[in-house]
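Heads up, the thing below is written out as structure tokens.
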Amino acid sequence: MLFDIFFFMFNFFKKTKIDSKLLKKREFVVLDTELTGLIEKHDSIISIGAIKMKERSILIGDIFYRVINPHCKPKDETVLIHKLTSTEIEQSPDIKLILREFFDFIKNTTVVGHFIDIDIKFLRKEFKKHLNIEFNPEAIDTYIVFYWLLERGLISKKFKGAKNLAEIAEAFGIKMDTIHDALYDAFITAQIFQREIALFQQISSSWFDFIKKIGKPHVSGYMFGQYEKIINSN
């Protein structure tokens, strides 16, 4: 599966010209986690995928992907959705080892994700439990940014109901494959963020501070319909 993801990424970059002027100092780590469920108290992380960006450039050679043993039997739907077998999960390392690697990978970098607050909540729990580290990174939520742009007419209103990653990818003309894992989803999210940055750069020369303000995640807000209220108040 990992080979398929690299092949997909290689073809994407072969077709995409990267403007050297965009290689500036702003760096991001776009991340995604796959979980056994969404209940923070009971569920666990089973994989982490991340890819670095510098401005609008996606750094294909700078990625992180690990499958994790949560030390519990994965639910049938977890195996079905994430294409991870019980054997693969059981043979994977403990999260404590993975967290040390991941912390080095993302240290002092703004993290970006689709409903990133979910990923941060689960990672925060694990960092505190296993390494006694307070995990409170600067973060940008691509969904909040998407909705803000849509409400201001910079994205077609026909995508107003879009929420999941595939729907938002479609709004930006990004084709999604059937592969579904943390690294692939992080890569798709990076392409979405790439296009969001481009729109913000047209709006303001101080686009970085602007997009940070707009995209600041609000814990669990999306679950209760609060995201849209928060976005419209900005």
> Would it be correct to say that GLU88 is farther than 18 Å from ILE48 by Cα, surrounded by fewer than 22 Cβ atoms within 10 Å (Cβ to Cβ) and acidic (Asp, Glu)?
Replying inline: no
> Going through the range 209-230 one residue at a time, which ones are buried (at least 18 other Cβ atoms within 10 Å of the Cβ), modelled with pLDDT of 90 or more and in a helix (DSSP H, G or I)?
Replying inline: ILE211, ILE214
> Between a first residue in the range 211-223 that is closer than 21 Å to LEU38 by Cα and a second residue that is at pLDDT 90 or above, which pairs have beta carbons less than 6 Å apart while being 6 or more apart in sequence or on different chains?
Replying inline: PRO217/ILE116; PRO217/ASP117; PRO217/ALA139; PRO217/ASP141; VAL219/ASP117; TYR222/PHE115
>> Exactly one condition in (1) over 24 Å from PHE208 (Cα atoms); (2) in contact with a strand residue (DSSP E or B) (Cβ under 6 Å, 6 or more places away or on another chain); (3) in a loop (DSSP other than H, G, I, E, B) is false for GLU134; which is it?
In response: (2)
>> Criterion first (among the β-branched types (Val, Ile, Thr), in a loop (DSSP other than H, G, I, E, B) and buried (at least 19 other Cβ atoms within 10 Å of the Cβ)) does ILE155 satisfy it?
In response: yes
>> Against the definition (at pLDDT below 95 and either within 16 Å of the chain's Cα centre (by Cα) or surrounded by fewer than 14 Cβ atoms within 10 Å (Cβ to Cβ) (or both)), how does ASP117 come out, yes or no?
In response: yes
>> Give all pairs with beta carbons closer than 7 Å in which a residue from the range 151-172 that is on the phi < 0 side of the Ramachandran plot and among the hydroxyl-bearing types (Ser, Thr, Tyr) meets a residue that is outside any helix (DSSP H, G or I) and surrounded by fewer than 18 Cβ atoms within 10 Å (Cβ to Cβ); count only pairs at least 6 apart in sequence or on separate chains.
In response: none
> Counting only residues that are within 13 Å of MET53 (Cα to Cα) and not aromatic (Phe, Trp, Tyr), how many does the range 181-195 have?
Replying inline: 8
>> If LEU183 meets every condition in (1) closer than 16 Å to ILE144 by Cα; (2) surrounded by 16 or more Cβ atoms within 10 Å (Cβ to Cβ) apart from one, which number is that one?
In response: (1)
>> Out of the residues in the range 158-179 meeting the condition of being more than 29 Å from LEU123 (Cα to Cα) and not in a helix (DSSP H, G or I), tell me which one is nearest to the chain's Cα centre (by Cα).
In response: GLY173
>> Please pick out the residue among ALA182, ALA166, ALA162 that is in contact with a strand residue (DSSP E or B) (Cβ under 7 Å, 6 or more places away or on another chain), of a type in the set (A, V, I, L, M) and either more than 27 Å from GLU40 (Cβ to Cβ) or modelled with pLDDT under 95 (or both).
In response: ALA182
> Restricting attention to the range 132-141, which residues are closer than 23 Å to GLU27 by Cβ and more than 13 Å from the chain's Cα centre (by Cα)?
Replying inline: ILE133, GLU134, PHE135, ASN136, PRO137, GLU138
> Can GLN194 be described as buried (at least 16 other Cβ atoms within 10 Å of the Cβ), modelled with pLDDT of 95 or more and closer than 18 Å to ILE140 by Cβ?
Replying inline: yes
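The values are calculated or read from the model by the stated rules, or taken from the named source; none is laboratory data. Remember, predicted model here, so these are calculated numbers, not experimental data. Please note: Cβ atoms are built from the backbone with ideal geometry, for glycine as well, and neighbour counts cover all protein chains shown.
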